[in-house]
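Asker: Sharing a structure, written as structure tokens. Questions coming.
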Amino acid sequence: MEATTILPVLKKKLAFLSGGKDRRSGLILTIPLGSDQTSMEELSATLDYLLSIPSEKCKARGFTVIVDGRKSQWNIVKTVVLMLQNVIPAEVSLVCVVKPDEFWDKKVTHFCFWKEKDRLGFEVILVSANKLTRYIEPCQLTDDFGGSLDYDHSDWLNKRLVFEKFTKESTSLLDELSIINDADKSSSVDKDKSADCALLPSFDPETVLQTGKYHFLLLNPLSGPNVEELLAQPQVMKLLDSLREQYTKYQELCRQRNKRTQLDEIHAKVMQVVTWLQGPGSELLKTQQAIGDSMRAAQALQQKHEEIESQHSEWFAVYVELNQQIAALLSAGEEEEVAELKALQQQLSDVCYRQAAQLESRQNILQAAQGFHSTTQELSQQLDGLLGMLCADVAPADGASIQQNLKLLEEKLQTVEAGLASLRQKGALLLEQMCSQPSWPLEDTESPTADQQDNVQQIQSVMEDMQLRKQRCEDMVDVRRLKMLQMVQLFKCEEDALQAVEWLGELLDALLKTHVRLGDDSQETRTMLDKHRKFVDVAQSTYDYGRQLLQATVVLCQSLRCTTRSSGDTLPRLNRVWKQFSVSAEERQQRLELALNFHTAAERVLQQECVEAESLDEVDSLGKTLLDRLTLPVIFPDGYTHSFVNLFPRLT
């Protein structure tokens, strides 16, 4: 029976347990009868409830019932006493009927209780309120009977309501927790079967425990010496202990369930990451094997690869998060969980690192491909520029411009050679990157795919094509170099031929203007004659050198197929100057010879002691001949004349 079911009746205080005890340590049950008619049914219900509160140990010590009849009538008191026989006959040890100041008919009352003593099973005595202490200590009596025991019925009833609510909730919670914990034990035996119980009890365990602690404080001994027996403080302690035990098991169960749930979630996420990386992620990378046939195509492939990397980055972020969660669980996990977590961590790491290696390898290949295509494009442009230069006509104005063009040609050829060397290097790097690409699981690592074979053939084809183009340009450069060197030689020959003409003209000018003396004696004239012959030899060598240069010019023009050259008038000039020099030199030599003859004859006459007439005539004849010769001008082949200065005034 619960207090809430008869709460209005209990509030009437028809009977109560004050917590006081008799000298046998039996509980005192007080029934205060009023002047109004007392409902026996309500009193019976109140007694039934009150008698359900004490423990069996307390009941065994018996009850002392105080029936306060001071405000009631005798027949009502009698009815109550008789009712005790039916309600609690075995538990009642003594019934003290407190009589009013106006005595009832003593004979009647004494006779009636004495007559019913054997049948009632307990002793009934009539006593006034001031004599009640003969049977019960004053400290065990309430102030209604002159005692010092404090009792507040409303407070007691409120505490009973709280206690019963706590008892009901805690008992229900305890049953639920026991069922949940027992169900988890059975489910742990068969892991394939889940527990058929709700993980959430009807009441919050924390709230119930707090209520129990509060109720336990309310039931402390300060509320009365025997209140722990009436308000079941031990029951509260026992319930609290049981609740704590079951709640601890329940918390451990929830912790294990949460950990298992967390493990299952991590396992599901790991498999989700692994499935995507090994499935759609790998397929995306496998379809991207081309390297492109140009820089633009390679850049488009790079953009596509960046999109694939972006998709992978989202899954790699999940991997990092899962790895952190697994690391946190490993630090506090059990042996079986640690093994499972390590296996998951290893599987996840292997797949992620393998996929990251594939992404990095693909990125390296694309970067190498862009470098290869960029170098190919630059080399192609360089070859086109070199070919354009080779195909252009060469019409330089002089040898210096030819040398400059030749230097530019050599620089372009060196640039092409450096570009081809760079292309070979980057092609080798690209091939190396492709050969070192990590293999996919369950694939033959020794057999290249069709895409890889096509890429290798493409790279080799590009390098061979560039090599052929470079070789053709080299051949053309060799031809152009030879032609330009011949042109340099042609210009050099022409310049040197003109220089020979100038030198020969200078010799002619010196001959006509400075080579005019004939000497003062035979020895000087003979010396001058020897110098003149050497002077003529120098001029002859200059003329011959000019002729050879002009002949080489003719040969070079024929080789270069140059029909119109500015050097065409050099040969006539050379011949004209040479003829003028030859005529002048011949005239100069004849005059020196005549002078030598004259000086020789004169010196012979002067050495004779007796001069013969014939000798004088000879000197005179030779002198006249020389003078006549000196007066004659030099006539050149073109009709131009030149007169020598008279250097022999003594002869005239």
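The values are calculated or read from the model by the stated rules, or taken from the named source; none is laboratory data. If you're wondering where the values come from, they're calculated on a predicted model, not measured in any experiment. Here Cβ is always computed from backbone atoms with ideal geometry, including for glycine, and neighbour counts include all displayed protein chains. Just the protein is used for accessible areas: all its heavy atoms, side chains included, with ligands, DNA and RNA removed. Shrake-Rupley method; radii C 1.70, N 1.55, O 1.52, S 1.80 Å.
Asker: With a 1.4 Å probe and every protein chain left in place, work out the accessible area per residue of the range 515-643 in Å², rounded to a whole number.
Answerer: 60 Å²
Asker: Could you tell me which of 51, 39, 8 has its Cα farthest along the dipole of the range 3-150 towards the positive end, charges placed at Cβ (Lys, Arg +1; Asp, Glu -1), taken about the Cα centre?
Answerer: The one lying farthest along the dipole's positive direction is 51.
Asker: Next question. Starting from a Cα-only point model with no solvent, please compute log10 I(q)/I(0) by Debye for the range 418-547 at q = 0.14, 0.17, 0.21 1/Å.
Answerer: The calculated log intensity ratios at q = 0.14, 0.17, 0.21 Å⁻¹ are -0.84, -0.98, -1.16.
Asker: Just check the range 3-150 against the gyration tensor rule for me: Cα atoms, a ≥ b ≥ c as the square roots of the eigenvalues, rounded for a/c under 1.5, and otherwise prolate or oblate depending on whether a/b exceeds b/c.
Answerer: rounded
Asker: Here's something else I'd like to know. For the range 515-643, with all protein chains present and a 1.4 Å probe, just round the carbon and sulfur fraction of the accessible area to a whole percent.
Answerer: 51 percent
Asker: Ok, one more. Rank these by accessible area, largest first, 1.4 Å probe: 402, 125.
Answerer: Result, largest first: 125, 402.
Asker: How do 273, 555 stack up against each other in accessible area, from largest to smallest, with a 1.4 angstrom probe?
Answerer: 555, 273
Asker: Quick one: if the Förster radius is 30 Å, what FRET efficiency do residue 261 and residue 306 give, using the C-beta to C-beta distance and rounding to 0.05?
Answerer: FRET efficiency, residue 261 to residue 306: 0.20.
Asker: Placing unit charges on C-beta atoms (Lys and Arg positive, Asp and Glu negative, everything else neutral), compute the dipole magnitude of the range 3-150 about its Cα centre in debye, rounded to 20.
Answerer: 360 debye
Asker: Suppose we keep just the DSSP beta bridges with both residues in the range 3-150; what percent of those would be antiparallel, to 5?
Answerer: 15 percent
Asker: Turning to a different aspect of this structure: Could you state the accessible area per residue of the range 3-150 in Å², with a 1.4 Å probe and every protein chain left in place?
Answerer: Computed with neighbouring chains in place, this is 51 Å² per residue.
Asker: Could I ask something else about it? If packing is taken as the average count of other Cβ atoms within 10 Å, what order do 366-374, 32-40 fall into, highest mean first?
Answerer: The peptides rank, most packed first, as 366-374, 32-40.
Asker: Which of 492/579; 12/59; 342/426; 59/238; 21/249; 304/342 have a Cα-Cα distance over 31 Å?
Answerer: Violating the 31 Å limit, Cα to Cα: 342/426; 21/249; 304/342.
Asker: Given a 1.4 angstrom probe, I'd like the percentage of the accessible area of the range 3-150 that is carbon and sulfur, rounded to a whole number.
Answerer: The computed percentage sits at 49.
Asker: In what sequence, largest accessible area first, do 245, 164 appear using a 1.4 Å probe?
Answerer: 245, 164
Asker: Got a number for the accessible area of residue 83? Probe 1.4 Å, square angstrom, nearest 10.
Answerer: About 20 Å², ignoring ligands and nucleic acids.
Asker: What residue among 477, 441, 466 has its Cα farthest toward the positive end of the dipole of the range 424-499, where the charges are +1 on Lys, Arg and -1 on Asp, Glu, each on the Cβ?
Answerer: My answer, from the dipole projection, is 477.
Asker: What nm value, rounded to one decimal, do you get for the distance between residue 154 and residue 61 when each label is placed 7 Å out toward the C-beta?
Answerer: 3.1 nm
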